[in-house]
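The values are calculated or read from the model by the stated rules, or taken from the named source; none is laboratory data. All figures in this text were calculated on a predicted structure; none of them were measured in a lab. Glycine gets a Cβ as well: all are built from the backbone with ideal geometry, and neighbour counts include every protein chain shown.
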Amino acid sequence: MKKVWLFVALILLLTACSSDKSNESKKDGELEKIQIVLDWTPNTNHTGLYVAQEKGFFKEQGLDVEIMLPGEAGADQLVAAGKAQFGISAQESITAARTQDIPIVSIATILQHNTSGFASLKKKGIESPEDYEGKTYGGWGAPVEQALITSLMVKEHADANQVEYINMGNSDFFTAVERDIDFAWIYYAWTGVEAELRGIDLNMQYLKDFSDKLDYYTPVITTNEKMISDNPETVHAFVKAVAKGYEFAIESPDEAASILSKAVPDLDEELVKASQQWISAKYKDDAPRWGEQKLTIWEGYAEWMTENNLLDEVFIAEDAFTNKFLPK
């Protein structure tokens, strides 16, 4: 749990250095300035935010929203410390944080189902977790990676000790998988779609296909408990605008892709358009409305984390998320 304690220490430092913005007043008619911190570089997970910004949905709700990239302090730390009002995170991060009384709360899920999984070049013949034996996995050194791989292999009676792990950090997946590794954990909506565009055939083992407990919410939109208690109107307004942005992306993926490409011109426009076509149907999927979360999903993944020695404290699922700010 060393990383969690470093996380707590950083939050305490940020909190000590932060000014309480919740008491700042604004003039009548003036837009309320708020910030949302991304979890990664901009991609189609974030399209609804950029649509809401471009289409004026934030402004309609009286908000002036700055979309920020994460720095040394990630979105979870900044949101928990009150240095940013909103952020992008994932259920696994929030679950670990809540067990340490870190006050971040998921207020909407961007995707209804987990679209991540372990990917390899088709020519390597890795068709199931059983085939991970004798292979090299490239990741970023998080304990959850080895726990996931081990749990999938054990179910198939494979020897998890026969996997070599290397930390490839932010290395390019396509370079690494040709040269240094056999498989890696990817989000299909971005890296998988890019492989399609490059004409590269991949084998995928989606996590959700192996256990309902692994069909968790990633990514999600977060705030902190203080925002919820002190500024619920702002949270309502923000979520309403964001929901409208994602609903637009569901209905008009091509235009939504153009908006993202315009906002972030460094992105590959062809990849953005193809990814948007793939992911737009996944935002809401089989849910009654965009953003809705289920208690059973939060409980199930926490159970999996506990079973795999990734949680050693009490987790109260009801406190980790809420649907109350979603539009009816």
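Things worth noting here:
- Scope segment 60-71; condition surrounded by fewer than 18 Cβ atoms within 10 Å (Cβ to Cβ) and either closer than 20 Å to Ser258 by Cα or under 24 Å from the mean Cα position of the chain (by Cα) (or both); matching residues: Asp64, Glu66, Met68, Leu69, Gly71
- There is at least one residue in segment 193-204 that is of a type in the set (S, T, N, Q), closer than 19 Å to Tyr132 by Cα and not in a helix (DSSP H, G or I).
- Given (1) assigned to a helix (DSSP H, G or I); (2) more than 21 Å from Tyr50 (Cβ to Cβ); (3) of a type outside the set (S, T, N, Q), index of the condition Ala256 fails: (2)
- Just one of the listed residues (Phe315, Phe325) is closer than 26 Å to Pro103 by Cα, in contact (Cβ under 8 Å) with a residue 24 or more places away in the chain and outside the structural domain of Lys55 (by TED's automatic domain parsing), and it is Phe325.
- Looking at Ala243, Ala249, Ala237, just one residue is over 20 Å from Thr223 (Cβ atoms) and not assigned by TED's automatic domain parsing to the domain that holds Ala195, and that residue is Ala249.
One line per residue, one yes/no per condition, for (1) aliphatic (A, V, I, L, M); (2) over 30 Å from Ala81 (Cβ atoms); (3) in contact (Cβ under 8 Å) with a residue 60 or more places away in the chain:
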| residue | (1), (2), (3) |
| --- | --- |
| Glu233 | no, no, no |
| Ala237 | yes, no, yes |
| Glu251 | no, yes, no |
| Leu267 | yes, no, yes |
| Thr296 | no, yes, no |
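A quick yes/no check of all residues on (1) within 30 Å of Phe58 (Cα to Cα); (2) at pLDDT 95 or above; (3) among the charged types (D, E, K, R); (4) not in a strand (DSSP E or B):
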| site | (1), (2), (3), (4) |
| --- | --- |
| Val177 | no, yes, no, yes |
| Lys226 | yes, yes, yes, yes |
| Val235 | yes, yes, no, yes |
| Lys240 | yes, yes, yes, yes |
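- Of all residues making up segment 69-99, the number that are without any contact (Cβ under 8 Å) to a residue 24 or more places away in the chain and closer than 16 Å to Met305 by Cβ: 1
- Residue check for Gln53: assigned to a helix (DSSP H, G or I), modelled with pLDDT of 95 or more and under 30 Å from Phe248 (Cα atoms): yes
- Here Leu260, Leu267, Leu271 are screened, and the one residue that is assigned by TED's automatic domain parsing to the domain that holds Val105, at pLDDT 95 or above and in contact with a His (Cβ under 9 Å, 6 or more places away or on another chain) is Leu260.
- Residue in segment 204-219 that is more than 27 Å from Ala320 (Cα to Cα) and surrounded by fewer than 21 Cβ atoms within 10 Å (Cβ to Cβ) present: yes
- Within segment 149-173, tally of residues that are of a type outside the set (S, T, N, Q), surrounded by fewer than 15 Cβ atoms within 10 Å (Cβ to Cβ), touching a residue at least 12 places away in the same chain (Cβ under 8 Å) and part of a helix (DSSP H, G or I): 1
- Output for segment 196-215, where each listed residue is under 19 Å from Ser275 (Cβ atoms) and of a type in the set (Ser, Thr, Tyr): Tyr206
- Matching residues in segment 209-224 - criterion: being charged (D, E, K, R) and either over 26 Å from Glu164 (Cβ atoms) or outside any helix (DSSP H, G or I) (or both): Asp212, Lys213, Asp215
Conditions tested, residue by residue: (1) within 24 Å of Gly291 (Cβ to Cβ); (2) of a type in the set (D, E, K, R).
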site: Glu196; (1), (2): no, yes
site: Gly199; (1), (2): no, no
site: Leu202; (1), (2): no, no
site: Phe210; (1), (2): no, no
site: Tyr216; (1), (2): yes, no
site: Val220; (1), (2): yes, no
site: Asp254; (1), (2): yes, yes
site: Ala263; (1), (2): yes, no
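- Among residues of segment 57-68, those that are in a helix (DSSP H, G or I) and without any contact (Cβ under 8 Å) to a residue 40 or more places away in the chain, counted: 1
- Ile186 being in a loop (DSSP other than H, G, I, E, B) and either aliphatic (A, V, I, L, M) or in the same structural domain as Glu307 (by TED's automatic domain parsing) (or both): no
- Scan segment 100-137 for residues that are part of a strand (DSSP E or B) and free of Cβ contacts under 8 Å to residues at least 12 places away in the same chain and the total you get is 0.
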